[in-house]
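Here's the structure we're looking at; comments come further down.
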Amino acid sequence: MTYDKYYQTENLFGEPYAELIEFFKSYEPKGKLLDLGCGQGRDAIALARLGYTVTGVDNSKVGIDQMIRVSNSESLKITGLVSDMYDFDNYGDFDIVLLDSIFHFEQRDRQKEISLINKIASDLKPNGLICVCVQDTGSKVRILKGAISNSKPDFETLNDSSLIYRYEDDESGHKSTTKYCMYIVRKK
(Lines give C-alpha, C1' and ligand atoms only; values in the text may rest on other atoms or scores of the structure.)
Protein backbone atom coordinates (compact mmCIF):
# COMPACT_ATOMS: atom_id res chain seq x y z
CA MET A 1 0.00 0.00 0.00
CA THR A 2 1.56 3.24 -1.20
CA TYR A 3 0.25 5.41 1.63
CA ASP A 4 1.61 3.01 4.27
CA LYS A 5 5.04 4.07 3.01
CA TYR A 6 4.19 7.80 2.88
CA TYR A 7 2.63 7.73 6.33
CA GLN A 8 5.93 6.69 7.90
CA THR A 9 6.18 10.50 8.08
CA GLU A 10 3.70 11.38 10.82
CA ASN A 11 1.30 14.24 10.14
CA LEU A 12 2.34 14.11 6.48
CA PHE A 13 -0.25 16.57 5.19
CA GLY A 14 -0.05 18.99 8.10
CA GLU A 15 -2.94 20.67 9.84
CA PRO A 16 -6.55 20.61 8.61
CA TYR A 17 -7.84 23.57 6.63
CA ALA A 18 -8.67 26.40 9.04
CA GLU A 19 -11.84 27.11 7.00
CA LEU A 20 -13.05 23.53 7.48
CA ILE A 21 -12.50 23.67 11.24
CA GLU A 22 -14.17 27.10 11.49
CA PHE A 23 -17.27 25.83 9.69
CA PHE A 24 -17.62 22.74 11.90
CA LYS A 25 -16.73 24.58 15.11
CA SER A 26 -19.95 26.58 14.87
CA TYR A 27 -22.10 23.91 13.18
CA GLU A 28 -24.79 22.34 15.34
CA PRO A 29 -25.66 19.70 16.22
CA LYS A 30 -22.34 17.94 16.66
CA GLY A 31 -23.16 14.49 15.40
CA LYS A 32 -21.73 11.39 13.82
CA LEU A 33 -19.21 12.19 11.12
CA LEU A 34 -17.74 9.82 8.54
CA ASP A 35 -14.30 10.79 7.19
CA LEU A 36 -13.74 8.75 4.01
CA GLY A 37 -10.09 8.46 3.04
CA CYS A 38 -9.09 9.83 6.45
CA GLY A 39 -5.41 8.95 6.12
CA GLN A 40 -3.62 9.74 9.37
CA GLY A 41 -6.68 11.47 10.80
CA ARG A 42 -5.78 15.09 10.07
CA ASP A 43 -9.48 16.07 9.90
CA ALA A 44 -10.90 13.28 12.06
CA ILE A 45 -8.79 14.20 15.10
CA ALA A 46 -9.52 17.94 14.83
CA LEU A 47 -13.26 17.32 14.41
CA ALA A 48 -13.39 14.85 17.32
CA ARG A 49 -11.73 17.53 19.45
CA LEU A 50 -14.72 19.75 18.57
CA GLY A 51 -17.16 17.15 19.90
CA TYR A 52 -18.00 15.09 16.82
CA THR A 53 -18.14 11.30 16.99
CA VAL A 54 -15.94 10.32 14.06
CA THR A 55 -15.48 7.18 12.01
CA GLY A 56 -12.43 7.30 9.77
CA VAL A 57 -12.09 4.91 6.83
CA ASP A 58 -8.82 4.45 4.96
CA ASN A 59 -7.02 1.56 3.31
CA SER A 60 -3.76 2.47 5.07
CA LYS A 61 -3.36 0.53 8.30
CA VAL A 62 -0.37 2.75 9.18
CA GLY A 63 -2.53 5.90 8.87
CA ILE A 64 -5.44 4.40 10.84
CA ASP A 65 -3.06 3.18 13.59
CA GLN A 66 -1.57 6.69 13.94
CA MET A 67 -5.05 8.25 14.15
CA ILE A 68 -6.21 5.76 16.78
CA ARG A 69 -3.04 6.27 18.83
CA VAL A 70 -3.78 10.02 19.06
CA SER A 71 -7.46 9.32 19.70
CA ASN A 72 -6.67 6.96 22.56
CA SER A 73 -4.15 9.35 24.14
CA GLU A 74 -6.74 12.17 24.12
CA SER A 75 -9.83 10.01 24.84
CA LEU A 76 -11.49 11.16 21.60
CA LYS A 77 -14.54 9.54 20.05
CA ILE A 78 -12.90 8.10 16.93
CA THR A 79 -13.31 4.70 15.33
CA GLY A 80 -10.88 3.71 12.61
CA LEU A 81 -11.65 1.19 9.87
CA VAL A 82 -9.00 -0.19 7.54
CA SER A 83 -11.01 -0.59 4.36
CA ASP A 84 -11.40 0.65 0.82
CA MET A 85 -13.71 3.67 0.96
CA TYR A 86 -15.55 2.37 -2.10
CA ASP A 87 -16.59 -0.74 -0.12
CA PHE A 88 -18.14 1.30 2.71
CA ASP A 89 -21.93 1.67 2.49
CA ASN A 90 -23.46 2.63 5.86
CA TYR A 91 -23.90 6.31 5.00
CA GLY A 92 -27.36 6.41 6.58
CA ASP A 93 -25.70 5.96 10.00
CA PHE A 94 -24.01 9.37 9.77
CA ASP A 95 -25.00 13.02 9.99
CA ILE A 96 -21.99 14.21 7.97
CA VAL A 97 -19.83 12.61 5.29
CA LEU A 98 -16.45 14.28 4.73
CA LEU A 99 -14.40 13.69 1.60
CA ASP A 100 -11.21 15.76 1.81
CA SER A 101 -8.83 15.59 -1.16
CA ILE A 102 -10.28 12.25 -2.24
CA PHE A 103 -11.68 13.13 -5.65
CA HIS A 104 -9.48 13.94 -8.62
CA PHE A 105 -12.00 13.26 -11.41
CA GLU A 106 -9.34 11.95 -13.77
CA GLN A 107 -10.84 10.23 -16.80
CA ARG A 108 -10.02 6.71 -15.56
CA ASP A 109 -11.65 7.27 -12.12
CA ARG A 110 -14.35 9.82 -12.89
CA GLN A 111 -17.32 7.43 -13.18
CA LYS A 112 -16.32 5.53 -10.03
CA GLU A 113 -16.03 8.80 -8.07
CA ILE A 114 -19.34 10.17 -9.39
CA SER A 115 -21.02 6.85 -8.51
CA LEU A 116 -19.68 7.16 -4.96
CA ILE A 117 -21.11 10.69 -4.66
CA ASN A 118 -24.47 9.44 -5.96
CA LYS A 119 -24.49 6.54 -3.47
CA ILE A 120 -23.69 8.85 -0.53
CA ALA A 121 -26.32 11.37 -1.68
CA SER A 122 -28.94 8.65 -2.00
CA ASP A 123 -28.25 6.92 1.33
CA LEU A 124 -27.54 9.95 3.52
CA LYS A 125 -30.27 10.75 6.05
CA PRO A 126 -32.40 13.90 5.61
CA ASN A 127 -30.56 17.01 6.87
CA GLY A 128 -27.27 15.13 6.53
CA LEU A 129 -24.26 16.99 5.17
CA ILE A 130 -21.80 16.13 2.44
CA CYS A 131 -18.56 18.09 2.77
CA VAL A 132 -16.07 17.86 -0.08
CA CYS A 133 -12.71 19.57 -0.37
CA VAL A 134 -11.39 19.27 -3.91
CA GLN A 135 -8.56 20.90 -5.82
CA ASP A 136 -9.88 23.88 -7.77
CA THR A 137 -8.04 22.95 -10.96
CA GLY A 138 -9.33 22.03 -14.38
CA SER A 139 -12.98 20.99 -14.31
CA LYS A 140 -12.93 19.21 -10.91
CA VAL A 141 -15.25 21.64 -9.11
CA ARG A 142 -17.71 21.69 -12.02
CA ILE A 143 -17.80 17.87 -12.12
CA LEU A 144 -18.31 17.68 -8.34
CA LYS A 145 -21.16 20.20 -8.30
CA GLY A 146 -22.76 18.54 -11.32
CA ALA A 147 -22.63 15.12 -9.65
CA ILE A 148 -24.32 16.45 -6.52
CA SER A 149 -26.95 18.53 -8.35
CA ASN A 150 -27.77 15.57 -10.64
CA SER A 151 -28.25 13.16 -7.73
CA LYS A 152 -31.83 12.17 -6.92
CA PRO A 153 -32.33 13.98 -3.59
CA ASP A 154 -32.20 17.78 -3.48
CA PHE A 155 -29.43 19.54 -1.61
CA GLU A 156 -29.06 23.03 -0.17
CA THR A 157 -25.61 24.62 -0.44
CA LEU A 158 -24.27 25.69 2.96
CA ASN A 159 -20.74 26.57 1.89
CA ASP A 160 -19.04 27.12 -1.46
CA SER A 161 -15.71 28.76 -0.76
CA SER A 162 -12.10 28.78 -1.86
CA LEU A 163 -9.16 28.00 0.34
CA ILE A 164 -5.42 27.70 -0.13
CA TYR A 165 -3.50 24.58 0.90
CA ARG A 166 0.20 24.97 1.51
CA TYR A 167 2.24 21.78 1.61
CA GLU A 168 5.81 21.60 2.79
CA ASP A 169 7.90 18.43 2.99
CA ASP A 170 10.79 19.11 5.37
CA GLU A 171 12.65 16.00 4.28
CA SER A 172 12.73 16.75 0.54
CA GLY A 173 12.29 20.52 0.75
CA HIS A 174 9.31 20.29 -1.63
CA LYS A 175 6.79 23.12 -1.24
CA SER A 176 3.51 23.68 -3.08
CA THR A 177 0.47 25.92 -2.88
CA THR A 178 -2.84 24.67 -4.23
CA LYS A 179 -6.25 26.31 -4.49
CA TYR A 180 -9.11 24.19 -3.18
CA CYS A 181 -12.89 24.45 -3.12
CA MET A 182 -14.74 23.55 0.07
CA TYR A 183 -18.27 22.58 -0.91
CA ILE A 184 -20.80 21.65 1.78
CA VAL A 185 -24.40 20.70 1.06
CA ARG A 186 -27.33 19.61 3.24
CA LYS A 187 -29.83 17.00 2.09
CA LYS A 188 -33.38 18.33 2.01
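Given +1 at the Cβ of Lys and Arg, -1 at the Cβ of Asp and Glu and no other charges, the dipole of the stretch 25-70 around its Cα centre is 140 debye to the nearest 20. Using the average count of surrounding beta-carbon atoms within 10 Å as a protection proxy, the listed peptides 82-95, 130-143 rank, highest first, as 130-143, 82-95. Among the listed pairs Lys61/Lys125; Lys112/Lys187; Lys152/Lys188; Lys145/Lys187; Lys152/Lys187, a Cα-Cα separation exceeding 18 Å is found for Lys61/Lys125; Lys112/Lys187. Between Lys188 and Ser161, the distance separating the two model label sites (each 7 Å from Cα on the Cα→Cβ line) works out to 2.4 nm.
On a per residue basis, the stretch 11-136 carries 44 Å² of accessible surface, using protein heavy atoms and a 1.4 Å probe. Where Lys and Arg each count +1 and Asp and Glu each count -1, what net charge lies around Asp109 among other residues with Cβ under 14 Å from its Cβ? Around Asp109, the charge tally is +1. When only the Cβ of Lys, Arg, Asp and Glu is charged (+1, +1, -1, -1), the dipole of the stretch 114-188 relative to its Cα centre reaches about 480 debye.
What whole-number distance in Å separates the alpha-carbon centres of the stretch 122-188 and the stretch 46-115? So the separation of the two Cα centres works out to 15 Å.
Just the protein heavy atoms count here, and of the accessible area of the chain at 1.4 Å, carbon and sulfur take up 45 percent. For Arg186, the accessible area of its heavy atoms, probed at 1.4 Å with every protein chain present, is near 60 square angstrom. Largest GNM mean-square fluctuation across Thr55, Thr79, Thr177, computed for the chain with C-alpha springs under 10 Å, falls on Thr177.
The values are calculated or read from the model by the stated rules, or taken from the named source; none is laboratory data. Note that this is a predicted model, so its numbers are computed, not measured. FYI the Cβ positions are ideal-geometry reconstructions off the backbone, even for glycines, and counts take in every protein chain you see. Heavy atoms of the whole protein, side chains included, go into the accessibility calculation; ligands, DNA and RNA do not. Shrake-Rupley method; radii C 1.70, N 1.55, O 1.52, S 1.80 Å.
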